[in-house]
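Engineer: One structure is given below, represented as structure tokens, and several questions about it will come after.
FYI, it's all coordinate maths here, none of it is from the lab. These numbers were taken from a predicted model, which means no experiment stands behind them. In this analysis, Cβ positions are derived from the backbone assuming ideal geometry, glycine residues included, and neighbour counts consider all displayed protein chains.
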Amino acid sequence: MLTLGILGSGSGSNMQAILDAITSGTLQAKIGIVLSDNPDAFILKRAEENGIPHGVIDCAGHKTKFSDLVQAQTAGMLKQAGVDLVCLAGFMRLVKAPLLDAFPSKILNIHPSLLPAFPGVAAWAQAVAAKVKETGVTVHVVDSGMDTGPVILQEKLEILPDETADALHKRLQVIEHRIYPLAISQYANSLNL
Ligand code: GAR
């Protein structure tokens, strides 16, 4: 059985979508562990409520730093939970060598833009500020860059006239919740996981 490890920093709505896809049978997998760098993140509460093993990635109060030591500890926790494929779901730290080497080509990310456009934080607000006509959602394999790495799946979304950044993010999330489980399933099948 494909075992997923999910890393998130926020509300965990993508984790919920993955869980719902598993429950409905459209994604044949289980979530082995959910980890967050934010002890107060709602994603951990969701994991707890659903009886999923979960834990905190202790970044010792650093806002963005994700040290080699902490990355190695994170890889250890994922390995111990039997994780085959790591899914970043709103995880807001840059993954580097210790974690990438432990899971080569086996870390996915979902990002709310048509990468390579608008990497980084609040991509929906970046798209509105840039006054582009369309944006979208990308699922990609993680490499050492920020929101770079081979694209697995992308879906476009037209930005409505005068649409606010918040309203756009809500519509992008509907796409995220649909395509992330699909991309995970396709990618895991392609690797025979
Ligand atoms: C999602 O919109 C995700 O695409 C974005 O964070 C949000 C997390 O929401 N990720 C990034 O911006 C990564 N660069 P969630 O916690 O409800 O899944």
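Engineer: To the nearest µm²/s, what D does Stokes-Einstein give for region 25-64 at 25 °C and 0.890 mPa s, using the Kirkwood radius over alpha carbon pairs as Rh? Before the final figure, lay out the partial values.
Structural biologist: Working: Rh = 11.3 Å.
It diffuses with D of about 218 µm²/s by this estimate.
Engineer: Same structure, new question: May I ask for the distance between the Cα centers of region 92-145 and region 44-82, given as a whole number of Å?
Structural biologist: Going from one Cα centre to the other spans 20 Å.
Engineer: Next question, about the same structure. In µm²/s, what is D for region 1-88 at 10 °C and 1.306 mPa s, where D = kT/(6 pi eta Rh) by Stokes-Einstein and Rh is the Kirkwood radius from Cα pairs?
Structural biologist: 121 µm²/s
Engineer: Greater than 25 Å separation of Cα atoms is the criterion. Which listed pairs, Lys133/Lys170; Lys63/Lys96; Lys30/Lys65; Lys65/Lys106; Lys65/Lys133; Lys30/Lys170, meet it?
Structural biologist: Pairs exceeding 25 Å: Lys30/Lys65; Lys65/Lys133; Lys30/Lys170.
Engineer: Once you have the Cα-Cα distance between Asn50 and Ala117, take 0.36 nm times their residue separation minus that, and quote the gain in nm to one decimal.
Structural biologist: Numbers: separation 67, 0.36 × 67 = 24.12 nm, distance 3.52 nm.
The span from Asn50 to Ala117 would gain 20.6 nm if fully extended.
Engineer: Given R₀ = 30 Å, FRET efficiency for Gln186-Thr164 by Cβ-Cβ distance, to 0.05?
Structural biologist: Working: r = 33 Å, r/R0 = 1.08.
With R0 = 30 Å, the Cβ-Cβ based efficiency is 0.40.
Engineer: Now a separate question. Per residue of the chain, what 222 nm ellipticity follows from adding -39500 (n - 2.57) for every DSSP H run with n ≥ 4, rounded to the nearest 500? Intermediate values should be presented prior to the final figure.
Structural biologist: On the way: 6 runs with 72 residues, N = 193.
Computed ellipticity for the chain at 222 nm equals -11500 deg cm²/dmol.
Engineer: Continuing with the same structure: Give, rounded to the nearest 20 debye, the magnitude of the charge dipole that the chain has about its Cα centre when Lys and Arg contribute +1 at Cβ and Asp and Glu contribute -1 at Cβ. If you can, show how the numbers build up before the last one.
Structural biologist: Values: 15 positive and 18 negative charges, 25 e Å.
Using only the charged Cβ atoms, the result is roughly 120 debye.
Engineer: In whole angstrom, and with the biggest value first, how far do the Cα coordinates of region 91-193 range along each principal axis?
Structural biologist: The principal-axis extents, from largest down, are 44, 25, 17 Å.
Engineer: Here's another thing I want to ask about it. Could you compute the net charge surrounding Gly61? Neighbours are other residues with a C-beta less than 14 Å from the C-beta of Gly61; K and R count +1, D and E count -1. Walk me through the intermediate numbers first.
Structural biologist: Details: positive: Lys63, Lys65, Arg93; negative: Asp37, Asp40, Asp58.
For residues surrounding Gly61, the net value is 0.
Engineer: Can you give me the long-range amide H partners of Leu108? Hydrogens built in the peptide plane at 1.01 Å from N, cutoff under 5 Å, separation of 5 or more residues or another chain.
Structural biologist: Answer set, sorted by chain and number: Val86, Cys87, Leu88, Val142.
Engineer: In Å, what Rg and Dmax follow from the Cα atoms of the chain?
Structural biologist: 15.9, 49
Engineer: How many times 2.2 N^0.38 Å is the alpha carbon radius of gyration of region 67-137?
Structural biologist: Details: Rg = 14.9 Å, N = 71, 2.2 N^0.38 = 11.1 Å.
Its radius of gyration relative to the 2.2 N^0.38 Å reference: 1.34.
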